[in-house]
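The values are calculated or read from the model by the stated rules, or taken from the named source; none is laboratory data. Just so it is clear, the model here is predicted, and its values are computed rather than measured. Note: ideal-geometry Cβ built from the backbone for every residue, glycine included; neighbour counts use all protein chains shown. These accessible areas exclude ligands, DNA and RNA; they are computed on the full protein's heavy atoms, side chains included. Shrake-Rupley method; radii C 1.70, N 1.55, O 1.52, S 1.80 Å.
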Amino acid sequence: MFSVSLRPAFQKAGGWASFPVVGLVLSIAFWGMAGFYRFVLHYDDFRADVADYWEQSFRPYGGAFHVFHVPGYPWLIRGARLLFDGHLTPVAQMRWVTWAAYLLAAWAVYHGVRLRGGRASQAVVAALFYGFWPFTGLVFAVSPWADVPATAFFFLAWSMWGRGYLFRSALAGAYALLTHKALWPFTLLWWLATVLPDRRHPAFRRGLATAFLVAPLGVLWALGVLYHDRWNWMWHHNLAMEVQARAGLPLFDGLFGPWWYGDWADRIKALALWGLFVLVLALGYRAWHKRDGETLAVTAAYLGLFALVNAYENMVLLRYGRLLAPFVLLHWPRLGFSRAWAGILLGMSLLSNLLFVIYVVHFYL
């Protein structure tokens with residue numbers, strides 16, 4: 001129980017429906033899951049993409065032109081390496097980066113929902129829903145991939161635009177584009193549908209901000225052409241490995257392929273993918289009828305990923321579901337008003353992460 005002297009200050013800060021409470025809950029969950037990885041599962045994350053990101057961080061120039069990974073996350077890791085000066089293991093250093101980005105993203109979601117008319121309770125549930133997104137929200141935050149830093153910069157751009165900060169939004173969006181290629185359709189479609197037509201700012205300023213958004217990625221691409229001596233270096237390998245059909249289907253290979261051609265573990269993942277697909281369709285339908293351009297842009301980007309990503313890379317569809325969290329709460333506000341609904345939503349989401357981490361460790365990572 002709070003003392004009488006602390007209660008007024010706590011209430012003034014927003015009480016339980018405040019971001020500090022969200023940050024505390026997410027931090028406990030994050031480091032608790034890290035302990036579960038280390039002491040229960042005895043799992044070492046330092047493999048696959050995680051090892052690639054770490055290696056990239058040692059090459060600030062050449063590493064920027066990695067054929068699969070854009071350099072935004074390795075640059076952040078390089079900053080963490082300079083800060084910790086080798087006193088922590090590579091995974092521990094990377095986890096400090098993803099934890100900071102995890103809280104930044106939750107903060108941006110919280111304030112973005114508030115700026116769009118959501119109540120504090122909605123904003124809290126949206127931020128927690130981002131952090132505990134079903135199956136993957138906590139798992140792929142603790143496992144230090146680029147997902148959380150990339151979505152953190154996207155939501156920072158989303159929140160900054162809600163405040164009217166056009167150029168700050170552009171710079172945050174630019175870094176999202178430099179952090180993960182999966183954010184390209186989300187960031188660009190959202191910008192085109194929402195920010196570019198925003199008449200709160202003169203057309204010249206909107207055009208200049210758009211240049212700020214795309215110029216860093218354009219410069220990276222141009223320099224990479226010189227480095228690799230190949231004009232399509234930035235996406236050639238991704239198209240071959242992650243888009244080219246693996247199950248024989250020209251579209252929606254990642255959605256249908258696991259069910260038709262996979263083993264039992266693939267079919268379990270397929271069920272989760274189908275649930276997410278239905279949610280994207282329902283959210284897009286509501287956005288269309290409410291003329292909500294930004295939600296419609298995000299769902300359209302997601303449907304594009306569903307159509308293009310193959311059966312080999314379809315985990316990315318689950319990993320980036322967290323991008324839907326604030327839009328779900330804005331379109332179904334009761335989830336944030338009713339304690340019962342909020343408890344069920346967040347409890348089931350957290351439980352699904354605990355179960356899914358076992359699947360991920362044994363069948364994916």
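Details
- Every Cα-Cα pair of the range 302-350 was included, and the share exceeding 18 Å stands at 44 percent.
- In whole angstrom, the range 249-302 maps to an equivalent ellipsoid with semi-axes of 28, 11, 7, each derived as √(5λ) from the alpha carbon gyration tensor and ordered largest first.
- By the equivalent-ellipsoid construction on the alpha carbon gyration tensor, the range 74-204 comes out with semi-axes of 27, 18, 12 Å, ordered largest to smallest.
- Share of carbon and sulfur in the accessible heavy-atom surface of the chain [1.4 Å probe, %]: 69
- Span-like helix ranges in the chain, DSSP H, alpha carbon extent 20 angstrom or more, Kyte mean at least -0.5: 19-35, 90-115, 147-162, 203-228, 264-289, 293-308, 339-363
- Solvent exposure of the range 118-223 as accessible area per residue, Å², 1.4 Å probe: 32
- Accessible surface, the range 243-365, averaged per residue in Å² (probe 1.4 Å): 47
- Those trypsin sites (Lys or Arg not before Pro) in the range 286-329 that DSSP places in a loop and that have at most 15 other beta carbons within 10 Å: K290, R291
- Computed across the range 67-140, the Kirkwood hydrodynamic radius from all distinct Cα-Cα pairs reaches 14.0 Å.
- Taking 0.36 nm per residue of sequence separation and removing the Cα-Cα distance, the L115/R205 pair yields an extension gain of 30.2 nm.
- Rg [Å, one decimal], Dmax [Å, integer] - the range 1-160, C-alpha atoms: 17.4, 58
- For the range 177-232, convex hull of alpha carbons as volume per residue, Å³: 85
- When only alpha carbons of the range 239-365 are considered, Rg and Dmax amount to 15.7, 47 Å.
- Kirkwood estimate for the chain, i.e. one over the average of 1/r between Cα atoms, Å: 21.2
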